[in-house]
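Okay, so here's the structure we're looking at.
The numbers here are math on the coordinates, done by the rules we state, and not lab data. Since this is a predicted model, take the numbers as computed values, not measurements. Positions of Cβ are backbone-derived with ideal geometry, glycine not excepted, and every protein chain shown enters the neighbour counts.
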Ligand SMILES: [Zn+2]
């Protein structure tokens with residue numbers, strides 16, 4: 001009788017652990033492919049070289065920043081292995097491979113796109129998002145600890161796995177609604193300062209450089225095809241597409 005109770009308890013424990021592992025694996029599958037390259041790229045981007053005078057990369061840099069209403073000094077850093085460009089509130093980080101393989105018009109479009117992010121307070125929004133993610137991760141950890149160390153019934157494990165998946169989906173959805181409109185907006189700002197052809201050439205050249213599937217959406221970025229289409233969407237369609245189209 002006792003043995004039966006112990007064995008059934010251990011079966012439940014095994015099931016509980018199996019559920020946890022399956023939950024985490026599903027979570028990794030949901031998030032992994034989209035974030036793996038992003039993290040890998042950051043890890044191996046190499047040592048930054050500060051560009052003393054951004055005019056050497058973008059002729060008329062100061063005037064460009066001023067014409068976009070950006071008063072603060074924006075620094076430019078070049079990374080030897082980065083096949084991408086990012087902006088935070090004071091710095092634009094760009095990869096040497098980008099500078100080497102894009103033509104001058106497309107390079108200017110990349111910079112104007114990044115300045116567009118600075119203009120729309122990109123970093124502030126990302127910080128908000130980071131807080132959401134950290135809170136989510138803390139919540140998940142607490143739930144994991146509670147359910148792992150409490151001898152709850154099997155149901156609680158299933159509940160926790162579902163809760164984790166819901167949390168991850170929520171993070172993906174949050175990215176979709178926060179990050180995608182920012183990308184669309186930065187592309188439209190870029191189009192005001194260089195022409196549409198330049199934005200299209202920057203998007204296609206970056207996709208080629210990064211060997212991206214132009215139809216694939218990511219958590220942080222809509223697909224290249226959607227971003228190109230965005231340049232031609234009317235104001236009314238735009239809102240609908242930015243926020244409601246999957
Ligand atoms: Zn961007």
Subject >> Theoretical gain in end-to-end length, residue 217 to residue 12 [0.36 nm per residue, Cα-Cα removed] >> reply: 69.8 nm
**OP:** Sort the stretch 182-236 into rounded, prolate or oblate with this rule: let a ≥ b ≥ c be the square roots of the eigenvalues of the Cα gyration tensor; rounded if a/c is under 1.5, and if a/c is not under 1.5, prolate when a/b is larger than b/c, oblate otherwise.
**Re:** oblate
**OP:** Give the value in nm², to one decimal: projected area of the alpha carbon convex hull of the stretch 51-99, averaged over all directions.
**Re:** 3.3
Original post:
Mind checking the alpha-carbon convex hull of the stretch 25-140 and giving the volume per residue in Å³?
Top reply: 120
**OP:** Return, for the Cα atoms of the stretch 77-142, the radius of gyration and Dmax in Å, separated by a comma.
**Re:** 15.4, 50
Original post:
Efficiency by 1/(1 + (r/R0)^6): what FRET value for residue 121 and residue 204, r their Cβ-Cβ distance, R0 = 30 Å, to the nearest 0.05?
Top reply: 0.60
